[in-house]
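A short write-up of the structure that comes next.
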Amino acid sequence: MFVSFGLRFRVNVEAMNMVESFGNYTRHRTAPLLRKTDNGYEVVFAPVVSGQAIAHAFMRALADLELNKIGVTPLQSGSSESGSQQSKSSKTEPRLCEDCKNYQTIGGFLKRSGDANTLLDNRVKTCIVDDVTGFMATKSSSKSEKEGKSKAMATKSSSKSEKEGESEAEEKGSSIRRTSRIMFSYMIPDIDAARATIFPQFHVRFNNIKNENAIFQIESGSAVYMLTIHVNVSGIGQLSTEQYVEDRIDRVDKTFTALMTMFSGSYIGAKHARYLPIIEFLGGIAAISKPMPFSVSPPKRYDYVADTLQRAYVYVNNIKDECIKIFYFDNEELIKVNENKQTTENQSQTQGCIVNVTRKTSLEELIAAVKEDVMEELKKNSNKK
Ligand SMILES: [Zn+2]
């Protein structure tokens, strides 16, 4: 199962993603974007927020949820005895590795990157952040050579069961990696609809003792931003053997709750102490698809739900058993979809189906509806993808 989100935000005076300082001048991250013109396209530079910055916000939200044990639900699989034991232990023991548990002290998510000896499945079982957001751990070749061939060979044989391509251990060095189950685009302005600007803000601190001004400038950005998020639900909690961890369903629940926390709890971006961005959630769309992934159309200022639907119809007609559910919310009144007309289920001409084009009223409702639907589906087929 796969979930794709496309979201729109109006953000004013933000310094969410700063890149470097020249003396007393701090720059906002920018990227070249293509804007539509009467004659074609032109390149403009505009403020952006990197996917890495958003992933970092998500990891913090996920780790905080786990540390606080908010929203822990009883585990669905396993016998009632082991279930209750698991549930009990999961209430006291956060499913986090030492690095993720102490991310605030460390200042980031190292995810055991220097420890290539802890095998992939063990990492997935012990840390929800490593499981959902992926990791890479390497060991340098020189160190490996010093430690001797025998140890390298031992690592190789014990990792035999690891999924091909995700883990490797060789005499010349070793690395273990897991692809993130959640993917974030850059947050970029919808420059076809509105100009995005960056402007340096002038600040002064006056020193009474030295009787002098300390001047500094920080660039701030304002834009209607778009963000795309993909969640590979089937990959969450999946081990190299293609089996799932026992608490898979709770991990999926926590992933979507962390997404909501990231937005509602203002986790995205830096400089919140003096540049807390004013964010307005304008609208967004989400599609749940299975068995094959389907991504929503870019949430630009047009009827992106109708566009997504049009594409989805062709998609389900070409893929056997493909099913897509669509949710959206729209505070700009861009969407003109007739929900009843757009709902078709197992039409004779259709191989797959599109069901439930459902309007929600807020970003939180959108994520909650997606989460509820995904959870329901997983509970029905707990061992399926
Ligand atoms: Zn971790």
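The values are calculated or read from the model by the stated rules, or taken from the named source; none is laboratory data. Here the structure is a predicted model, which is why all the values come from computation and not from measurement. Heads up, the Cβs are rebuilt from the backbone with ideal geometry, glycines too, and the neighbour counts pull from every protein chain shown. Surface accessibility is based on the protein's heavy atoms, side chains included, excluding ligands, DNA and RNA. Shrake-Rupley method; radii C 1.70, N 1.55, O 1.52, S 1.80 Å.
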Filtered residues of region 228-247 (kept if open to solvent by 10 Å² or more (accessible area, probe 1.4 Å) and part of a helix (DSSP H, G or I)): Ser234
Checked region 110-140 for anything within 8 Å of the ligand (Cβ to nearest atom), part of a helix (DSSP H, G or I) and not hydrophobic (A, V, I, L, M, F, W, C); matches are Arg123, Thr126, Asp130
Those residues of region 98-109 which are closer than 21 Å to Thr255 by Cβ and near the ligand (Cβ under 9 Å from one of its atoms) amount to Asp99, Cys100, Lys101, Tyr103, Phe109
Pairs, first within 16 Å of Glu377 (Cα to Cα) in region 281-293, second in a loop (DSSP other than H, G, I, E, B), C-beta under 6 Å, six or more apart: Ala287/Phe294; Ala287/Val296; Lys290/Met1; Met292/Ile319; Met292/Glu322
Here is a check on your reading of the model: is Arg95 within 12 Å of the ligand (Cβ to nearest atom), open to solvent by 20 Å² or more (accessible area, probe 1.4 Å) and either modelled with pLDDT of 55 or more or not in a helix (DSSP H, G or I) (or both)? yes
Working carefully through the options Ala57, Ala31, Ala46, find the one that is part of a helix (DSSP H, G or I) and modelled with pLDDT of 95 or more. Ala57
Does any residue in region 224-242 that is farther than 27 Å from Pro189 by Cβ come within less than 6 Å, Cβ to Cβ, of a residue that is surrounded by fewer than 18 Cβ atoms within 10 Å (Cβ to Cβ) six or more places away or on a different chain, and which pairs are these? Ser234/Lys385; Ser240/Lys163
Which one is nearest to Val204 (Cα to Cα) among residues in region 18-45 that are open to solvent by 80 Å² or more (accessible area, probe 1.4 Å) and touching a Leu at 6+ places or on another chain (Cβ under 7 Å)? Val43
Out of curiosity, is Val305 of a type outside the set (Asp, Glu), free of Cβ contacts under 8 Å to residues at least 40 places away in the same chain and part of a helix (DSSP H, G or I)? no
Looking at (1) more than 17 Å from the chain's Cα centre (by Cα); (2) open to solvent by 10 Å² or more (accessible area, probe 1.4 Å); (3) closer than 25 Å to Cys353 by Cα, which is the one condition that is false for Thr308? (2)
Members of region 256-305 found to be farther than 22 Å from Gly235 by Cα, open to solvent by 60 Å² or more (accessible area, probe 1.4 Å) and out of contact with any Leu (no Cβ under 9 Å at 6 or more places or on another chain), listed by number: Lys271, Ala273, Arg274, Leu276, Ile278, Ile279, Glu280, Pro298, Lys300
